[in-house]
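The structure's right below; bear with me while I get my questions together.
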Amino acid sequence: DDGGRVCADDIIRWKEALADQGVSGRTIREVYLTVSKVVFAWAVENRKLDTNPAAGVSVRVPKRVRSRGASFTSVEARTILLASLSHDQGRIAAEHALARRWIPWLCAYSGARVGEITQMRGTDIASIDGVWAMRITPEAGTTKSGQARIVPLHSHLLEQGVLKIAQGAGERPIFYDPARGRGGSAGNAHSKKVGERLAAWVREIGVDDPNVQPNHGWRHLFKTLARRAGIEPEVRDALQGYAPRSVGESYGEWPIDVLLRSIELLPRFEVGLTA
């Protein structure tokens, strides 16, 4: 309860205790120590402390060995998309069934983070200047950059009937019911649980290689396919919500018709069914 009594040796003992508890070195470095450094740095900047005891403390983490790329393979993508179309999903809530059916497709054709999709409300899918698109906005929950963006819907999604689920939800979240189940706090959001359940399902249906993340693999695959389709790097980044790489790139807006032309360059995921 007194930050002034904390010294560097305390921080070191703390990181060693976390390691003894089984917390990974990467998590200790990138979560625990990073947060501590920010808090103590704020205290120093505001003259509440003289020094930052966490400054200079780190954890050496060996480089991760990768035996494959981070994108889904074509077989893995097809496995998930085919499973999403199955009418036999077992006894699960209607919102959970919608999540299995639509979130993989929305991620595949947008490159969005799964959390940006799981939190979407029906009204976040709308016609903008005559183009049907998703509004990915922090108003629905969170975005990593804190910025809203527009991602046009690929024609294959429209053909499959994605607008029906948006219209059915209206102002409510599409993929969860806030009145049912646990969650709802900032640290344990309903939408986060949707993503976790979806990841577990992806593992259950056989996409279980630990070297590819069960939800984030779509984000990598989108970038791979966008490169192959010849979509400009600046457009790829705008669609996926990456920060501009230069001041020049931050100027101006992205017209939705330009974004739509790029989205339509993506090849269709043909898995034998369209509904």
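The values are calculated or read from the model by the stated rules, or taken from the named source; none is laboratory data. Predicted model only: the values in this text are computed from it and were never measured. No Cβ is skipped: glycine too gets one built from the backbone with ideal geometry, and neighbour counts run over all protein chains shown. Surface accessibility is based on the protein's heavy atoms, side chains included, excluding ligands, DNA and RNA. Shrake-Rupley method; radii C 1.70, N 1.55, O 1.52, S 1.80 Å.
Would a scan of region 60-67 turn up a residue that is open to solvent by less than 50 Å² (accessible area, probe 1.4 Å) and assigned to a loop (DSSP other than H, G, I, E, B)?
Kept after step one, since they are open to solvent by less than 50 Å² (accessible area, probe 1.4 Å), are these residues of region 60-67: 61.
Checking which are assigned to a loop (DSSP other than H, G, I, E, B) leaves us with 61.
Yes, that holds for at least one residue.
Now for a different question. Take the conditions at pLDDT 90 or above, part of a helix (DSSP H, G or I) and farther than 30 Å from Phe175 by Cα and apply them to Lys48. Does it pass?
Details: at pLDDT 90 or above: yes; part of a helix (DSSP H, G or I): no; farther than 30 Å from Phe175 by Cα: yes.
It is false that Lys48 is at pLDDT 90 or above, part of a helix (DSSP H, G or I) and farther than 30 Å from Phe175 by Cα.
Tell me which residues, restricted to region 4-47, are more than 23 Å from Pro62 (Cβ to Cβ) and free of Cβ contacts under 8 Å to residues at least 40 places away in the same chain. Talk me through it step by step, then tell me what you get.
Step one: filter region 4-47 for residues more than 23 Å from Pro62 (Cβ to Cβ), giving 4-10, 38-47.
Residues satisfying the conditions are Arg5, Asp9, Val38, Val39, Phe40, Ala41, Trp42, Val44, Glu45, Asn46, Arg47.
For (1) under 23 Å from Trp201 (Cβ atoms); (2) not acidic (Asp, Glu), each residue gets a yes or a no:
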position	(1), (2)
Glu95	yes, no
Leu98	yes, yes
Ala108	yes, yes
Gly111	yes, yes
Gly122	yes, yes
Val131	no, yes
Thr137	no, yes
Pro152	no, yes
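Among the residues of region 110-160 satisfying the criterion of being modelled with pLDDT under 90 and touching an Asp or Glu at 6+ places or on another chain (Cβ under 9 Å), which is farthest from Lys192 (Cα to Cα)? It would help to see each step written out before you state the result.
First pass over region 110-160, keeping only residues modelled with pLDDT under 90: 137-148.
Add one more test, that the residue is touching an Asp or Glu at 6+ places or on another chain (Cβ under 9 Å), and what stays is 137, 139-144, 148.
Working: Thr137: 16, Glu139: 15, Ala140: 12, Gly141: 10, Thr142: 11, Thr143: 12, Lys144: 14, Ala148: 19 Å.
Among residues in region 110-160 that are modelled with pLDDT under 90 and touching an Asp or Glu at 6+ places or on another chain (Cβ under 9 Å), the one farthest from Lys192 (Cα to Cα) is Ala148.
Still on this model: Scan region 81-111 residue by residue and report those that are open to solvent by 10 Å² or more (accessible area, probe 1.4 Å), free of Cβ contacts under 8 Å to residues at least 60 places away in the same chain and hydrophobic (A, V, I, L, M, F, W, C).
Once the filter is applied, which keeps residues that are open to solvent by 10 Å² or more (accessible area, probe 1.4 Å), free of Cβ contacts under 8 Å to residues at least 60 places away in the same chain and hydrophobic (A, V, I, L, M, F, W, C), region 81-111 yields Ile92, Ala94, Ala97.
Applying the selection to region 115-135, what residues are of a type in the set (D, E, K, R) and either surrounded by fewer than 19 Cβ atoms within 10 Å (Cβ to Cβ) or part of a helix (DSSP H, G or I) (or both)?
Within region 115-135, Glu116, Asp124, Asp129, Arg135 meet the criteria.
Would you point out the residue of region 226-275, among those that are part of a helix (DSSP H, G or I), closer than 23 Å to Val75 by Cβ and among the basic types (Lys, Arg), that is most open to solvent (accessible area, probe 1.4 Å)? Lay out the reasoning, then the answer.
Filtering region 226-275 down to residues part of a helix (DSSP H, G or I) leaves 226-229, 233-240, 248-250, 256-263.
Retained after the next criterion (residues that are closer than 23 Å to Val75 by Cβ): 226-229.
Still in the list and also among the basic types (Lys, Arg): 227-228.
On the way: Arg227: 143, Arg228: 186 Å².
Checking each candidate, the answer is Arg228.
Say whether the condition of being in contact with a Phe, Trp or Tyr (Cβ under 6 Å, 6 or more places away or on another chain), closer than 20 Å to Glu76 by Cα, open to solvent by less than 40 Å² (accessible area, probe 1.4 Å) and not acidic (Asp, Glu) is met by at least one residue in region 179-199.
Filtering region 179-199 down to residues in contact with a Phe, Trp or Tyr (Cβ under 6 Å, 6 or more places away or on another chain) leaves 190, 194.
Then drop every residue that is not closer than 20 Å to Glu76 by Cα, which leaves none.
Among the residues of region 179-199, not one is in contact with a Phe, Trp or Tyr (Cβ under 6 Å, 6 or more places away or on another chain), closer than 20 Å to Glu76 by Cα, open to solvent by less than 40 Å² (accessible area, probe 1.4 Å) and not acidic (Asp, Glu), which makes the answer no.
State all residues of region 1-41 that are open to solvent by 70 Å² or more (accessible area, probe 1.4 Å) and not in a helix (DSSP H, G or I); if no residue qualifies, say none.
Scanning region 1-41 gives Asp1, Asp2, Gln21.
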